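Q: Would you mind keeping the following structure in view while I ask a few things?
What follows is calculated from the coordinates using simple rules that are stated; it is not laboratory data. None of these values were measured; they are calculated from a predicted model. Glycine gets a Cβ as well: all are built from the backbone with ideal geometry, and neighbour counts include every protein chain shown.
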Amino acid sequence: MADILKTPFLEETIESCRYFWEAGWGENHAGNLTYLLSEEEVNKYVKDVEKAKKGKSVRVAMTFEAEELIGKYFLVTRAGSFFRTIHKHPEKNLGIVKVNHDSIDIIWGFDNGRMKPTSEFPAHLLCHQARLKQNPENKLVMHCHPTNVIAMTFAHEINEEKFTKTMWRLNSECVLVFPEGLGMLPWMVCGEGPIGPDTAKKMEKYRIVIWPYHGMFASGTSFEDTIGLIETVEKNAQVYMLNGGEIKAGLTDEQVRELAQAFDLWD
Ligand SMILES: [Zn+2]
């Protein structure tokens, strides 16, 4: 049986979690992520581990409406994990789970099933389901706390369209990296309530959904894709904040449109 910790997707996840903390996106217990394993990854690395358990995987009851993900396998961060130290005990801080109708089976990790996945897991599943409808290649959903994006939600009007336009005007690259714009919710109580389904609804259109005064949900086809997207938004939020939220110049709406047309990004 292959050493699961040496598989490419686990090595990349562990390395990315470390970067996630170094970038300042996951202080204390903040942040969580889910990675959808491809059929190839499941067959190559997970099936043997599952077989070795002979049907004795730990089962955790869960409530979610993610019918389209039944039978899929996810790598998930555990509830209460610290991104700073995930790399020290990956078999405790991460787990591979299989989604059933109203429960999950812990196939690997979470300290041999003694710990649980992030409490945001149902919200992540809804987001995966929404993103997969837009892009069947989507693999990742991450929740994080990038400092300048949070700061910008204090300095800028909480309005998805206006927030997106401000971002696009800050740098020629912005409309190229997120031509669909940025989703944004009003402030809501975080956790297992309506914020999960509302975030997923936004993810039907956007890859990033900003939670004012808190952080964001981001998604993508790989760690590189997702982290690149978060970095772009965070960098430009930093530029905005370095200007004290007072943008006197910048690209005009017409110039943003010119860029989008030059790169054939809008219909
Ligand atoms: Zn959070």
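Q: How big is the equivalent ellipsoid of the chain along its three axes, where each semi-axis is √(5λ) from the Cα gyration tensor, reported in whole Å from largest to smallest?
A: The equivalent ellipsoid of the chain has semi-axes of 35, 18, 17 Å.
Q: Cross-link list LYS6/LYS88; LYS92/LYS202; LYS162/LYS235: which exceed 25 angstrom alpha carbon to alpha carbon?
A: LYS92/LYS202
Q: State, to one decimal in nm, how far the label point of LYS51 lies from the label point of ASN112, with both points 7 Å from Cα in the Cβ direction.
A: 2.3
Q: Could you derive backbone 3J(HN,Hα) for segment 16-25 from the dihedral phi with the Karplus parameters 6.51, -1.76 and 1.60 (θ = phi - 60°), listing whole Hz in sequence and x where the residue is Gly or Pro?
A: With coefficients 6.51, -1.76 and 1.60, one gets 5, 4, 5, 4, 3, 6, 4, 6, x, 9 Hz.
Q: By the gyration tensor of its Cα atoms, with a ≥ b ≥ c the square roots of the eigenvalues, what is the shape of segment 59-151: rounded for a/c under 1.5, prolate for a/b over b/c, or oblate?
A: oblate
Q: Mind pulling the angle between the C-alpha long axis of helix 253-262 and the longest principal axis of the chain? Nearest 10 degrees, somewhere in 0 to 90.
A: 60
Q: Separate question: Give a residue-ordered list of calculated ³J(HN,Hα) values for segment 131-147 (Karplus: 6.51 cos²θ - 1.76 cosθ + 1.60, θ = phi - 60°; whole Hz; x for Gly, Pro).
A: 3J(HN,Hα) across segment 131-147, in whole Hz: 5, 4, 5, 7, 8, x, 8, 4, 10, 10, 10, 10, 10, 8, 10, x, 4.
Q: Ordered by residue, what ³J(HN,Hα) values in Hz, to whole numbers, does segment 203-211 give under the Karplus form 6.51 cos²θ - 1.76 cosθ + 1.60, where θ = phi - 60° and Gly and Pro are x?
A: For segment 203-211, the Karplus-derived couplings read 5, 5, 10, 10, 8, 10, 10, 8, 9 Hz, x marking Gly and Pro.
Q: How do 5-15, 120-130, 100-110 rank on mean C-beta neighbours within 10 Å, highest first?
A: Packing proxy ranking, top to bottom: 120-130, 100-110, 5-15.
Q: Got a sec? How would SER16, SER119 order by Cβ neighbour count within 10 Å, fewest to most?
A: With the sparsest Cβ surroundings first, the list reads SER119, SER16.
Q: Can you give the net charge of the other residues whose Cβ lies under 13 Å from the Cβ of THR153, counting K and R as +1 and D and E as -1?
A: -2
Q: Note the angle between two axes, namely the Cα long axis of helix 223-242 and the longest principal axis of the Cα atoms of the chain, as a number of degrees from 0 to 90, rounded to the nearest 10.
A: Around 40 degrees separate the two axes.
Q: Tally Lys and Arg at +1 and Asp and Glu at -1 over the other residues with C-beta under 9 Å from the C-beta of LEU5: what net charge comes out?
A: Local net charge: -2.
Q: Counting only other residues whose beta carbon sits under 13 Å from that of MET216, what net charge do I get with K and R as +1, D and E as -1?
A: -2
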